[in-house]
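Presented below is the structure to which this report refers.
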Amino acid sequence: MKSNRFASGMSRSLTGSVALAFGALALQAMLAGAALAQGAAADDGIASAAPEAVGVDSAPLVRLSEWIRKDKLDVRSLLVVKDGKLIFERYGAGVGRDHNFELYSVTKTITALTFGTLAGQGKIALSDPAAKWILKTNPQFREAIEDKKHIELRQLMAMSSGLLYKQVEGSDPLYFQAPDRLKVALSTVPRIPPDTRFEYTDANPVLVGAAIAAAAGQPEDHYAEEHLFKPLGMRNYRWTGADKTGTVSGGWGLRLRAIDMAKVGMLMLDDGRWQGRQVVPAAWIQQMRTPSAKATAKDYGYYTWINHIVESEPEFGAMGFKGQFITVLPKEHAVIVMTAILPTDGGLRTGAYLNTYRRMVNDYVLPAMQVIPRPSVNAQAQQKLRHELELSAQAQGVPGTELAFNDGPEK
């Protein structure tokens, strides 16, 4: 499926160096106060800064927050990271940094990152037929996979497998009601040859997740915890929706905090590095965000959307149903994260929640980063942003679509 600005004003009589020092101290104090007010953890591995301190104008961010609040959009979290600094961190009523959220199809991008770490160890390859790995641990499905035995993992991750899965509205057995999700996914039938057409189906990541588990020798969620979640210092994560065999889905069900979604974006922005450590191979990150020569969609890599949100400059990232996003902007050296429950009418590339988010990024966040001349830190801007974030923390949005049992924030 396609952050908090504060600093301090100074008397003109102060020297530049004293002003800078005083402003830094004031910024730290104000950020600490805001963090405590929202129940934030003391240290999550991302330094905070005022927007103006990294050349971003906080005024458009304030206007964006006002729009969300006044229109009662159910935006649970909205974060902006610029130059490695968390500059805007907005939460709705009753939600703070320690809450996690259902990511829906953002989970697919996490599965791709997990695949990349495993491939970097030489344990799996894009060109491997999925059947090779699935039959290693599930030989009982030999007959069911016979007509799919030549489909490669790269085709499953590019949504070009040619498989057709007829979704059952309301109680589809591929999702949370599955006694054996892999068995259901293997009921798909090849409709067209692989590498023919982009066909977004949630059966594909189920097969990829099964292959990852077989190659890793452990469930996908356990491998991801060891090789991705813990190295990034994530907390309060949970991969829900395991079927009766104890297997999670590679395509949905992961719950992360917004701050940890931001870490994922920063990892992808920095070519797989986190705080100097190469967590995911750089070459794999490049493959994820680049359509292959046989790609059937130019806006999709390996479980990664490409220029799906922004067309004016390079952009890639993850998208989940109802309004879950991780957006990476390499030119701006920035990451944007949102979790929300917005209207879902429209298609994969035209959904209402998608268009609302596009407006947020293109009409507010990007202009805030591209202002000329670069803004300077000032007390009035800091106060306006702080005041708006305080109002936002008390504003209850109205869900844009019917809430599912898993849509509530959790700790």
Taking the range 197-220 and keeping only residues that are over 20 Å from Val168 (Cβ atoms) and part of a loop (DSSP other than H, G, I, E, B), one is left with Arg197, Phe198, Gly217, Gln218, Pro219
Residues that are open to solvent by less than 10 Å² (accessible area, probe 1.4 Å) and not in a loop (DSSP other than H, G, I, E, B), drawn from the range 301-313: Trp305
Of these, Tyr104, Tyr91, which one is open to solvent by less than 10 Å² (accessible area, probe 1.4 Å), aromatic (Phe, Trp, Tyr) and modelled with pLDDT of 95 or more? Tyr91
Across the range 317-358, what is the total count of residues that are of a type in the set (Gly, Ala, Ser) and surrounded by fewer than 21 Cβ atoms within 10 Å (Cβ to Cβ)? 3
Suppose we filter the range 107-123 for residues that are surrounded by fewer than 24 Cβ atoms within 10 Å (Cβ to Cβ) and aromatic (Phe, Trp, Tyr); how many remain? 0
Residue check for Leu126: open to solvent by 20 Å² or more (accessible area, probe 1.4 Å) and not aromatic (Phe, Trp, Tyr): yes
Which residues, taken from the range 183-197, are farther than 17 Å from Gln167 by Cβ and among the hydrophobic types (A, V, I, L, M, F, W, C)? Ile192
Boolean, Tyr223 is in a helix (DSSP H, G or I) and hydroxyl-bearing (Ser, Thr, Tyr): yes
Subset of the range 132-147, residues under 22 Å from Glu199 (Cα atoms) and open to solvent by 10 Å² or more (accessible area, probe 1.4 Å), comes to Ala144, Glu146, Asp147
Report yes if some residue within the range 55-68 is open to solvent by less than 20 Å² (accessible area, probe 1.4 Å) and either at pLDDT below 95 or part of a loop (DSSP other than H, G, I, E, B) (or both); otherwise report no. yes
As an exercise: evaluate Asp270 against (1) touching a helix residue (DSSP H, G or I) at 6+ places or on another chain (Cβ under 9 Å); (2) closer than 26 Å to Ile306 by Cβ; (3) open to solvent by less than 10 Å² (accessible area, probe 1.4 Å); (4) not hydroxyl-bearing (Ser, Thr, Tyr) and give the number of the one condition it does not meet. (3)
Of the residues in the range 396-411, those that are farther than 26 Å from Ile306 by Cα and crowded, with 19+ Cβ neighbours inside 10 Å come to Gly397, Pro409
Can you name the residue in the range 361-391 that is in contact with a helix residue (DSSP H, G or I) (Cβ under 6 Å, 6 or more places away or on another chain) and under 22 Å from Ile309 (Cβ atoms) and is also most open to solvent (accessible area, probe 1.4 Å) among such residues? Pro367
Take the range 339-387 and flag every residue that is more than 25 Å from the chain's Cα centre (by Cα) and either among the acidic types (Asp, Glu) or in a helix (DSSP H, G or I) (or both). Ala379, Gln380, Ala381, Gln382, Gln383, Lys384, Arg386, His387
Being in a loop (DSSP other than H, G, I, E, B), open to solvent by 50 Å² or more (accessible area, probe 1.4 Å) and within 30 Å of Leu73 (Cα to Cα) is the requirement here; does Ser249 meet it? no
Going through the range 163-186 in order, the residues found to be among the acidic types (Asp, Glu) and either in contact with a strand residue (DSSP E or B) (Cβ under 6 Å, 6 or more places away or on another chain) or open to solvent by 70 Å² or more (accessible area, probe 1.4 Å) (or both) are Glu169
Restricting attention to the range 194-214, which residues are surrounded by fewer than 22 Cβ atoms within 10 Å (Cβ to Cβ) and small (Gly, Ala, Ser)? Ala214
Give the range 215-230 a look and list any residue that's of a type in the set (A, V, I, L, M, F, W, C) and open to solvent by less than 10 Å² (accessible area, probe 1.4 Å), or say none. Ala224, Leu228, Phe229
State whether one or more residues within the range 286-298 are under 11 Å from the mean Cα position of the chain (by Cα), crowded, with 20+ Cβ neighbours inside 10 Å and within 27 Å of Glu152 (Cα to Cα). no
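For (1) at pLDDT 95 or above; (2) over 30 Å from Val208 (Cβ atoms); (3) part of a loop (DSSP other than H, G, I, E, B), each residue gets a yes or a no:
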| site | (1), (2), (3) |
| --- | --- |
| Arg5 | no, yes, yes |
| Gly23 | no, yes, no |
| Met30 | no, yes, no |
| Ala34 | no, yes, no |
| Asp44 | no, no, yes |
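The values are calculated or read from the model by the stated rules, or taken from the named source; none is laboratory data. Please read these numbers as outputs of a predicted model, since none were measured by experiment. Here the Cβ is made from the backbone with ideal geometry for all residues, glycine too, and neighbour counts use every protein chain on show. Quick note on the areas: whole protein, heavy atoms, side chains included, nothing else; ligands and nucleic acids left out. Shrake-Rupley method; radii C 1.70, N 1.55, O 1.52, S 1.80 Å.
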